[in-house]
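Data block below; observations after.
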Amino acid sequence: MKENSNKFMGTGVAIITPFRKSGGIDFDSYEKILNFTIEGGIDFVVALGTTGETSTLSKQEKKTLIEFSVEKINKRVPLVIGIGGNDTSELVLTIHATPFHGVDAILSVCPYYNKPNQEGLYQHFKIVAEASPVPVILYTVPGRTSSNLTAATTLRLAHDVKNIIGIKEASGNFDQIYQVLKHRPEGFIVLSGDDGITLPLMAAGCDGVISVVANAYPQEFSQLVRYGLNGDFNKARELHFLLIDFINTLFADGSPAGIKAALGIKKLCREYLRLPLVPVNKEVHSMIKKIMDQIEN
């Protein structure tokens, strides 16, 4: 049985990193969004992920953001932080230099760009897990990294490495996910990495989601997931169809630009991103606003 994995069932919010016009982190807005999502019912926070534009943050900014998150969350929900990379030895050094007080797990993405084979991925994540003082959630998202953890490699890691407690699955490959669900060890959690297919994946037995949409609609999306966990798919389907157009439009001109547009409309933050990312175009912004008006009225 994987220890403490049930802490990460339900809805995790892949929280954005708001910026000021000057380019610095907007900590006031970050705290506002933390409170908005936690009070909206999310089950855990995921900071320093893809949605948080982590690849543009300095080492000091990451450290400060972790410590700020721990302070402001104040143990209301678990905190997961993203720590990944494509240089295994450098990643170990990063883990050793990270302040883990108040952090409950790490989310570690597949190495990108250098395209390791499955044995390389297995050895990489085994070393990451050995270095980590907290549990590890794997993250496969081949659309961003050009490397994919196959079901066989995921299951090998799940069975061999005690400290690896789950996976965020964003491969979009249903059969791959089904094989993990069918053969996983007890307590190994499988989380959807794609808001739009969370409902069917939960019907197959997934344990929840790490969600972008929950930044803007934490109450609705968390409730959808709870309905799914309780087997009430009629009610879950209603919320799925309420949000599906919003979900699709969020990613029409890049992420996290879409969710930052939505949060800007809600006046939770400004829509600033760090290059090479830029805000959504005017057409997509208008579509997001129109769909939000429909959801909320």
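Only one of the numbered conditions (1) in a loop (DSSP other than H, G, I, E, B); (2) open to solvent by 10 Å² or more (accessible area, probe 1.4 Å); (3) closer than 27 Å to F8 by Cα is not met by I244, and that is (1). For region 189-241, filtering for residues that are open to solvent by less than 20 Å² (accessible area, probe 1.4 Å) and aromatic (F, W, Y) leaves 2. Here region 1-43 is the region considered, the condition is being buried (at least 18 other Cβ atoms within 10 Å of the Cβ) and modelled with pLDDT under 95, and the residue that is nearest to I259 (Cα to Cα) is S5. When residues in region 143-180 are screened for being open to solvent by 20 Å² or more (accessible area, probe 1.4 Å), over 19 Å from the mean Cα position of the chain (by Cα) and hydrophobic (A, V, I, L, M, F, W, C), 2 of them pass.
Restrict the check to region 1-15 and report whether at least one residue is aliphatic (A, V, I, L, M) and over 19 Å from N215 (Cβ atoms). Yes.
Do you know which of the residues in region 44-71 that are assigned to a helix (DSSP H, G or I) and buried (at least 17 other Cβ atoms within 10 Å of the Cβ) is nearest to the chain's Cα centre (by Cα)? Filtering first and then ranking leaves T54.
The values are calculated or read from the model by the stated rules, or taken from the named source; none is laboratory data. Keep in mind the model is a prediction, meaning the values are calculated, not measured. Positions of Cβ are backbone-derived with ideal geometry, glycine not excepted, and every protein chain shown enters the neighbour counts. Heavy atoms of the whole protein, side chains included, go into the accessibility calculation; ligands, DNA and RNA do not. Shrake-Rupley method; radii C 1.70, N 1.55, O 1.52, S 1.80 Å.
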